[in-house]
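**Student:** First, the structure itself, so that you have it in front of you.
The values are calculated or read from the model by the stated rules, or taken from the named source; none is laboratory data. Given the structure is predicted, the values throughout are model-derived calculations rather than measurements. All Cβ positions, glycine included, derive from the backbone under ideal geometry; neighbour counts span all protein chains shown.
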Amino acid sequence: MGTMRSDEELMVAFQAGDTAAFEVLIRRHQNGVYNFIVRFLGNREVAEEVFQEAFLKVHQAADRYQPNGKFTTWLYTIVRNLCVDTFRRRKIREAVSLDDRGENGERNLADTIAGDEIPADVVSSANEIEAVLEKALAKLNEDQREVFLLREKEGLKFEEIAEVTGVSVNTVKSRMRYALEALRRSLKQSKYRELLERD
Amino acid sequence: MDRRDFDDKVIDFLYDGLDPADREAFQAGIGADSQLESEVRDFGRVGQIYRRRLPDLQTPPALLQKVLAQAPKPKRRFAWFGLDVASFWRPALTGAFVMALTLAGLYQYKLHREAPPQVAKNTPAAPSPDVPIPEGGGEISLRDLSLARARTRPMPEPSWRQPRFGNGLISFASYGDSGPAYPSPAYPQAVAPGGTYEELYGLEQEAQNAVAQFAHQQALRMHSMGDHRGAAEALALLIKRYPNYSRLFEALALRIGCLYQIGQIDKAEQELAWLRQSSPELAALVEQRWWR
């Protein structure tokens with residue numbers, strides 16, 4: 001029974017023509033990438049498109065991957081950039097559609113992104129506590145949200161997050177502190193404030 | 001501990017980024033402020049809550065299959081010992097490829113190149129080093145030494161007019177065209193076919209003399225270095241090729257001396273006899289030198 005190959009070894013193998021190595025990499029990181037995209041964008045339908053595009057980009061950029069760098073850092077740089085692009089495009093569309101609101105001021109589906117409501121598709125698949133947590137997360141601005149998700153859910157170090165997001169480590173730490181403050185405030189205002197007491 | 005210090009260090013404190021001394025100092029600082037202490041506790045719990053209570057989503061299997069199916073076949077590249085040799089070799093391989101193409105092109109060009117027509121070459125060809133020269137410089141004859149005869153002697157067909165593509169004249173397609181040629185007005189024929197040396201040398205007398213003088217100097221240099229055989233050969237060629245050379249008889253006198261040096265006495269005597277007919281003064285000098 002052979003030892004499990006590292007991400008970097010798999011990537012080198014893929015560069016050498018081993019297609020199976022790329023499949024192993026996709027299977028290994030699919031859930032992390034999928035979670036990050038869904039929670040960053042707050043929309044599963046869009047997240048699935050971005051997910052496909054992300055791995056296509058990873059494949060296209062595989063030739064430029066340098067084995068001396070950590071694979072997850074490289075992978076999340078690609079994924080994060082795609083998410084930021086998609087998020088900004090959707091925000092522009094949201095601004096345009098806000099101008100197109102009806103006389104009653106009703107909001108369309110695009111307004112759910114990072115808005116006050118919990119996205120409908122998220123609510124439908126999560127229990128109430130999860131929905132509160134998702135809502136609090138969605139209220140963070142994208143800079144704070146990406147740092148929080150990469151640190152707490154994907155387990156990247158602050159230095160790696162700095163590399164992924166292209167800012168200094170101090171900025172990353174500062175964004176993390178703002179994110180924690182905002183999430184704390186959200187939880188305190190929810191009916192699940194006791195979570196902070198006992199969890 | 002003031003707010004600024006707290007903000008600066010709280011993340012490092014929560015995620016083990018402080019060294020033990022700073023950690024202890026931070027802990028002591030927040031211990032004196034219940035609000036800061038509660039904030040730190042809550043921050044730590046927020047992280048825990050999200051790790052424990054927010055479950056990881058599973059990628060829909062259909063989506064994964066779609067991604068796997070869409071993954072194109074990789075481009076093959078080299079990987080030796082985990083080194084990124086592709087990026088290392090790419091410029092070298094590209095350079096080698098370009099170089100190979102260039103060399104192949106040059107080789108093809110050399111293979112198929114035709115010698116350009118020598119339309120303006122109206123001086124006799126220089127002696128080729130490949131032409132074997134008889135020992136002692138070959139034979140020269142009295143005719144070679146007769147200026148009047150030489151000038152009216154029929155000129156052999158020069159090399160540039162020997163049959164080749166277009167007979168040495170300009171054709172419509174310069175290379176590879178075996179069709180009829182026409183005389184180019186840009187390169188008028190200096191000497192009509194079947195002309196004489198006189199016509200040719202009439203045009204190029206000074207150039208001929210200069211070339212002959214150079215050959216004479218070469219022969220003198222060989223003679224002074226003791227290469228009498230080489231000097232005799234060079235002088236024979238000079239006399240045959242440049243019969244209008246202004247110092248032709250001095251060249252002959254030198255050649256006679258060389259022939260004496262290499263033991264070609266009979267030849268030397270014969271040529272001395274010719275020299276006597278053309279230039280008795282020089283012949284006397286040669287006799288003085290070799291007959292004393």
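**Student:** So, of the residues in segment A:69-81 that are under 11 Å from the mean Cα position of the chain (by Cα) and surrounded by 21 or more Cβ atoms within 10 Å (Cβ to Cβ), which turns out to be nearest to residue A:159 (Cα to Cα)?
**Tutor:** A:76
**Student:** Give segment A:154-185 a look and list any residue that's touching a residue at least 12 places away in the same chain (Cβ under 8 Å) and of a type in the set (Val, Ile, Thr), or say none.
**Tutor:** Passing the criteria: A:161, A:164, A:165, A:172.
**Student:** Under 46 Å from the mean Cα position of the chain (by Cα) and buried (at least 19 other Cβ atoms within 10 Å of the Cβ): does that describe residue B:268?
**Tutor:** No: the conditions fail for residue B:268.
**Student:** Shifting gears a bit: Would you mind finding the one in B:250, B:281, B:233 that is more than 48 Å from the chain's Cα centre (by Cα) and at pLDDT 85 or above?
**Tutor:** Among B:250, B:281, B:233, only B:281 is more than 48 Å from the chain's Cα centre (by Cα) and at pLDDT 85 or above.
**Student:** Within segment B:268-292, how many residues are of a type outside the set (S, T, N, Q) and not in a helix (DSSP H, G or I)?
**Tutor:** Residues flagged as of a type outside the set (S, T, N, Q) and not in a helix (DSSP H, G or I) within segment B:268-292 amount to 2.
**Student:** Find the residue count for segment A:1-24, including only residues that are closer than 14 Å to residue A:65 by Cα and either crowded, with 18+ Cβ neighbours inside 10 Å or in contact (Cβ under 8 Å) with a residue 60 or more places away in the chain (or both).
**Tutor:** Residues flagged as closer than 14 Å to residue A:65 by Cα and either crowded, with 18+ Cβ neighbours inside 10 Å or in contact (Cβ under 8 Å) with a residue 60 or more places away in the chain (or both) within segment A:1-24 amount to 9.
**Student:** Please go through (1) closer than 30 Å to residue A:129 by Cβ; (2) outside any helix (DSSP H, G or I); (3) more than 7 Å from chain A (Cβ to nearest Cβ) for residue B:18 and return the number of the only condition it doesn't satisfy.
**Tutor:** (1)
**Student:** Something else about it: Could you say which residue among A:8, A:48 is among the charged types (D, E, K, R), facing another protein chain (nearest Cβ under 10 Å) and within 17 Å of the chain's Cα centre (by Cα)?
**Tutor:** A:48
**Student:** Output the residues belonging to segment A:1-46 that are touching a Ser or Thr at 6+ places or on another chain (Cβ under 8 Å) and acidic (Asp, Glu).
**Tutor:** Passing the criteria: only A:7.
**Student:** Inside segment A:151-193, can you point out the residues that are more than 9 Å from chain B (Cβ to nearest Cβ), under 16 Å from residue A:136 (Cα atoms), in contact with a helix residue (DSSP H, G or I) (Cβ under 6 Å, 6 or more places away or on another chain) and not in a loop (DSSP other than H, G, I, E, B)?
**Tutor:** A:175, A:178, A:186
**Student:** Which numbered condition trips up residue B:76, out of (1) in contact with a Gly (Cβ under 6 Å, 6 or more places away or on another chain); (2) at pLDDT 85 or above?
**Tutor:** (2)
**Student:** Right, another one. Restricting attention to segment A:48-68, does a residue exist that is touching a residue at least 60 places away in the same chain (Cβ under 8 Å) and surrounded by 19 or more Cβ atoms within 10 Å (Cβ to Cβ)?
**Tutor:** No, segment A:48-68 has no match at all.
**Student:** Of the residues A:152, A:142, A:159, which single one is under 19 Å from residue B:52 (Cβ atoms) and either of a type in the set (D, E, K, R) or at pLDDT below 95 (or both)?
**Tutor:** None of the other options fit; the residue is A:152.
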